[in-house]
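Student: Once you've had a glance at the structure underneath, I'll fire off some questions.
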Amino acid sequence: MPRASKPGITARPPLVLLLSTKKKHPSKDYVFAPQNLGDSINSDALEYFPSFTIDGSKMIFTRRIASDEDFYESNFVNGKWSKAAPIGGNVNTNLNEGAQNISQDGQLLIFTGCNYPEGEGSCDLYFSVKTKNGWSDPQNLGPDVNTDFWESSPSLSPDKRDLYFASSRAGGFGGRDIWVTRRLPTGKWSRPENLGESVNTPGDESCPFMHADNETLYFNSNGQPGFGMTDLFYSKKVNDSSWSVAKNLGYPVNTIDDQGSLIVAADGKTAYYASDGTDTKGGLDIYSFQLREDIRPLRTLWVKGKVFDKKTQEGLPSAVELTDLKNGHLISRIQTDEEGNYLVTLPTGKDYGFNVNRKNYLFYSDHFSLSPNNPDSVFTVNIPLQPIEKGANIVLKNIFFETGKFELQNESRSELDKLVALLQENPNVKIQINGHTDNIGTEKDNQVLSTNRAKSVVDYLLNRAISSQRLTYKGFGSTKPVADTLTEKGKMPQQEN
């Protein structure tokens, strides 16, 4: 319910004239028009908790028939959802499975299992992996995550490094709080951390959903100021340990009724939720609607592909990193599968450095500059990694200079630090940095500029305690172009072993 102000005596103020310009409220022309997803998804049973792969091609949801909860899946084909069917494998049982979340790449399923004989408490978190024969046997996330209290409503970050969930465990702010556990290098999950007082209250918070932008968290709460007993809110991740003050999604998304969960697609504007609307097929059905602009997360694209050995063409399990070039912060770090396949999300409106690393190989780099109005497209980047050997070379695509200058820009630091790490890990490697330019200007000027740019990279390495005996540099002007683009971001140094 809305919070009442404290009673008191207010003196009558003097007459004050205020001059202002009115701004159009974002909800003025907003139309809230939920659409039932139809007979392929909804039935005379209860359907709720939808979750989607990032490309929107697959949905997994919970269906409750009588008192038994199971998972169903549907594929989006030719503009419509296929008839939902139970998911394959051994996840569905005669016990209750619900409140699931499928990873953005469709390879991992985290869900809530209740009253399992091996469980730590009444409801625990479990995971299952996609295989050729369906979903694998469920595995409990273990005592570091699950307790003898209630754990439910899991939501994976897009890079599968963080898992958000609701729990009634001790040590929180209220009855049920939202927590996060982080995947360790061993593959296990860390002891959970509470998201803090910006999100959690003395009341109950539940149903967290982390959007594909890896920044915007939606959840419900009955402890924040709202319209009803339980409302929907969102908070933005400031860093790994702090969050912005929760914001109510407002009317008509929130009403005097209790609100459950909210899922937002990668486009940042299409939302899904469960409701017993007037056109329900039977009890709770799954609906979609368009979010108001002021409560949308960042629209998110993605890049996918395969990492492989340049010489043998065999797939390579590797680390894929995405960095915000403006501030150098790591956005995501994922591990490819055993065959080298990967998928990384790309929220629009930022410039990213993209790096792939594997021991005994030269790293690969690329960059993406995504405006908010970037076309909806999937980037496919298959990556041949070059083994470290004499004569091997790579193009450093995230080294930036201003036009006609050779001073390194701050956006170059992330990539240069990776080069430093490569040289530190391989103390016997010697490299030559080759500088290149386009064909604008005189060849003499281009020769000088390319030499000075290559020298700037070497100077950076020297300042990071890399021995001068391991470093040489050379400028090639415009005689050996290494990129098709004529922008400054195309004029990168080249590294040769």
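Student: Which of the residues spanning region 202-260 are of a type in the set (S, T, Y), assigned to a loop (DSSP other than H, G, I, E, B), more than 30 Å from D324 (Cα to Cα) and touching a Ser or Thr at 6+ places or on another chain (Cβ under 9 Å)? Outline the logic, then answer.
Tutor: Kept after step one, since they are of a type in the set (S, T, Y), are these residues of region 202-260: 206, 216, 218, 221, 230, 234-235, 241-242, 244, 251, 255.
Among the residues that remain, those that are also assigned to a loop (DSSP other than H, G, I, E, B) are: 230, 241, 244, 251, 255.
In the following step, the residues that additionally are more than 30 Å from D324 (Cα to Cα) were identified as 230, 251, 255.
Hits for region 202-260 are T230, Y251.
Student: Please work out which residue is farthest from K237 (Cα to Cα), limiting yourself to region 158-169 and to residues that are in contact with a Ser or Thr (Cβ under 8 Å, 6 or more places away or on another chain) and assigned to a loop (DSSP other than H, G, I, E, B).
Tutor: R169
Student: Out of (1) polar (S, T, N, Q); (2) closer than 20 Å to D105 by Cβ; (3) touching a Pro at 6+ places or on another chain (Cβ under 7 Å), what's the single condition that is false for N360?
Tutor: Checking N360 against (1) polar (S, T, N, Q); (2) closer than 20 Å to D105 by Cβ; (3) touching a Pro at 6+ places or on another chain (Cβ under 7 Å), the one that fails is (2).
Student: Let me ask another. Can you say whether S198 is polar (S, T, N, Q), in a loop (DSSP other than H, G, I, E, B) and modelled with pLDDT of 95 or more, as far as the supplied structure shows? I'd like the intermediate steps shown before the answer.
Tutor: Numbers: polar (S, T, N, Q): yes; in a loop (DSSP other than H, G, I, E, B): yes; modelled with pLDDT of 95 or more: yes.
Yes, satisfied.
Student: Conditions: (1) out of contact with any strand residue (DSSP E or B) (no Cβ under 9 Å at 6 or more places or on another chain); (2) under 21 Å from N355 (Cβ atoms); (3) modelled with pLDDT of 90 or more. L408 meets all but one. Number of the miss?
Tutor: (1)
Student: Further question: Evaluate the following for K326: is it among the basic types (K, R), within 30 Å of N452 (Cα to Cα) and under 17 Å from the mean Cα position of the chain (by Cα)?
Tutor: no
Student: Can you tell me which residue within region 48-68, out of those that are charged (D, E, K, R) and farther than 20 Å from S103 by Cα, is surrounded by the most Cβ atoms within 10 Å (Cβ to Cβ)?
Tutor: Applying the filter and picking the extreme gives R64.
Student: Could you list all residues from region 222-260 that are polar (S, T, N, Q) and under 23 Å from R183 (Cβ atoms)?
Tutor: Within region 222-260, S235, N239, S241, S242 meet the criteria.
Student: Please name all residue pairs, on different chains or six or more residues apart, with Cβ atoms under 6 Å, provided the first residue is in region 121-150 and is without any contact (Cβ under 8 Å) to a residue 60 or more places away in the chain and the second residue is part of a strand (DSSP E or B) and surrounded by fewer than 16 Cβ atoms within 10 Å (Cβ to Cβ).
Tutor: Close Cβ pairs satisfying both conditions: F127/Q139; S136/V129.
Student: Out of the residues in region 350-373 meeting the condition of being without any contact (Cβ under 8 Å) to a residue 60 or more places away in the chain and of a type in the set (F, W, Y), tell me which one is farthest from D309 (Cα to Cα).
Tutor: Applying the filter and picking the extreme gives Y352.
Student: Every residue in region 461-475 that is in contact (Cβ under 8 Å) with a residue 24 or more places away in the chain, surrounded by fewer than 19 Cβ atoms within 10 Å (Cβ to Cβ) and hydroxyl-bearing (S, T, Y), please.
Tutor: Of everything in region 461-475, just one residue is in contact (Cβ under 8 Å) with a residue 24 or more places away in the chain, surrounded by fewer than 19 Cβ atoms within 10 Å (Cβ to Cβ) and hydroxyl-bearing (S, T, Y), namely T472.
Let's see how each residue does on (1) crowded, with 16+ Cβ neighbours inside 10 Å; (2) part of a strand (DSSP E or B); (3) in contact with a Gly (Cβ under 7 Å, 6 or more places away or on another chain):
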position	(1), (2), (3)
P317	no, no, yes
V320	yes, yes, no
N327	no, no, no
S369	no, yes, no
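Student: Just give me the residues in region 37-64 being polar (S, T, N, Q) and either farther than 30 Å from V344 by Cβ or in contact with a His (Cβ under 7 Å, 6 or more places away or on another chain) (or both), in sequence order.
Tutor: Passing the criteria: S40, N42, S43.
Student: To continue, here is another question. What are the pairs with Cβ atoms under 7 angstrom where one residue, in region 194-205, is within 13 Å of G175 (Cα to Cα) and assigned by TED's automatic domain parsing to the domain that holds E151 and the other, located anywhere, is of a type in the set (A, V, I, L, M) and modelled with pLDDT of 95 or more? Sequence gap at least six, or different chains.
Tutor: So the pair list comes out as N200/I178; E205/A166; E205/I178; E205/V199.
Student: Turning to a different aspect of this structure: Tell me, please, whether a residue that is more than 23 Å from D324 (Cα to Cα), assigned to a strand (DSSP E or B) and not assigned by TED's automatic domain parsing to the domain that holds N327 can be found in region 408-431.
Tutor: Checking region 408-431: at least one residue is more than 23 Å from D324 (Cα to Cα), assigned to a strand (DSSP E or B) and not assigned by TED's automatic domain parsing to the domain that holds N327.
Student: Condition first: closer than 23 Å to D213 by Cα, touching a residue at least 12 places away in the same chain (Cβ under 8 Å), assigned to a loop (DSSP other than H, G, I, E, B) and out of contact with any His (no Cβ under 9 Å at 6 or more places or on another chain). Now tell me which residues in region 374-407 satisfy that.
Tutor: Across region 374-407, the qualifying residues are N374, D376, S377, V381, N382.
Student: I want to confirm something. Restricting to region 288-315 and keeping residues that are part of a loop (DSSP other than H, G, I, E, B) and not basic (K, R), which single residue is farthest from N239 (Cα to Cα)?
Tutor: If we filter region 288-315 for residues that are part of a loop (DSSP other than H, G, I, E, B), which is where we start, we get 291-292, 296-299, 310-314.
If we keep only those that are not basic (K, R) as well, we get 291, 297-298, 312-314.
Numbers: L291: 25, P297: 16, L298: 16, T312: 40, Q313: 38, E314: 37 Å.
Across region 288-315, the extreme among qualifying residues is T312.
Student: Here's another thing I want to ask about it. Only one residue in W179, W150 is among the hydrophobic types (A, V, I, L, M, F, W, C), under 19 Å from the mean Cα position of the chain (by Cα), within 23 Å of F61 (Cα to Cα) and in the same structural domain as L108 (by TED's automatic domain parsing). Which one?
Tutor: W179
Student: State yes or no: is T186 of a type in the set (V, I, T), part of a loop (DSSP other than H, G, I, E, B) and either in the same structural domain as N239 (by TED's automatic domain parsing) or in contact with a strand residue (DSSP E or B) (Cβ under 6 Å, 6 or more places away or on another chain) (or both)?
Tutor: yes
Student: Among the residues of region 354-371, count how many are of a type outside the set (A, V, I, L, M, F, W, C) and under 17 Å from P317 (Cβ atoms).
Tutor: 7
The values are calculated or read from the model by the stated rules, or taken from the named source; none is laboratory data. All figures in this text were calculated on a predicted structure; none of them were measured in a lab. Heads up, the Cβs are rebuilt from the backbone with ideal geometry, glycines too, and the neighbour counts pull from every protein chain shown.
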